[in-house]
């Protein structure tokens, strides 16, 4: 017979520790990784669009490696592998590095595709006004590309929120690890993992709503 009062007590007691781990670790780690990842992505996209073959190849190889290998393996290489060659990093630093490099590879393709989606005539018009390639990119192409890139970049950010659960594998007590620890004490894995799933779902739903508002705001500027 199901002991409902006990299950309610466990759920009530576990809710705040799991949510707190999400607010104090999962979201900051996601924001930090995504911010650094966007910087890497922008540089990589410009490398891949460069007229110089060596830069193109550097960008291609980076994207090839990080899109072609599992994120969990990348986490393990940074956290467990680097110490073997004398590079020791904290768990949170390792996670941010791995997540940033992974996000950078995927977002670079989004940014590159957004830039390529701008009609060539926009470039020609900018050049006819005497702008350099850099000026044309900054003043004409980048603002239009941003509108195109916002939806896929937002989707990547929401996916990253969920992917941070992998950080539990390198000892970070984020939302999923917090849930695992409580489940180990209470012997109620089904209940607690469903609770964690609901909290992840709530985060994703809120972010999806913010994404819709952002897309609407950018659409008005077109």
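Table for the structure above
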quantity	calculated
Those residues of the stretch 43-70 which are touching a residue at least 40 places away in the same chain (Cβ under 8 Å) and closer than 16 Å to residue 133 by Cβ, in sequence order	45, 48, 49
Qualifying position, being crowded, with 20+ Cβ neighbours inside 10 Å, in contact with a helix residue (DSSP H, G or I) (Cβ under 7 Å, 6 or more places away or on another chain) and over 30 Å from residue 123 (Cβ atoms), among 37, 104, 59, 22	22
Options 158, 182, 115; residue that is in contact with a helix residue (DSSP H, G or I) (Cβ under 9 Å, 6 or more places away or on another chain), surrounded by 16 or more Cβ atoms within 10 Å (Cβ to Cβ) and at pLDDT below 95	115
Any hit, the stretch 92-110, residues being more than 13 Å from residue 30 (Cα to Cα), assigned to a helix (DSSP H, G or I) and either without any contact (Cβ under 8 Å) to a residue 40 or more places away in the chain or in contact with a strand residue (DSSP E or B) (Cβ under 9 Å, 6 or more places away or on another chain) (or both)	no
Test set (1) touching a helix residue (DSSP H, G or I) at 6+ places or on another chain (Cβ under 8 Å); (2) without any contact (Cβ under 8 Å) to a residue 60 or more places away in the chain; (3) surrounded by fewer than 13 Cβ atoms within 10 Å (Cβ to Cβ); (4) part of a helix (DSSP H, G or I) - residue 80 fails condition number	(2)
Identity of the residue in the stretch 45-77, assigned to a loop (DSSP other than H, G, I, E, B) and at pLDDT 95 or above, that ends up nearest to residue 168 (Cα to Cα)	70
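The values are calculated or read from the model by the stated rules, or taken from the named source; none is laboratory data. Here the structure is a predicted model, which means the values were calculated and not measured. Backbone-built Cβ (ideal geometry, glycine too); neighbour counts: all protein chains shown.
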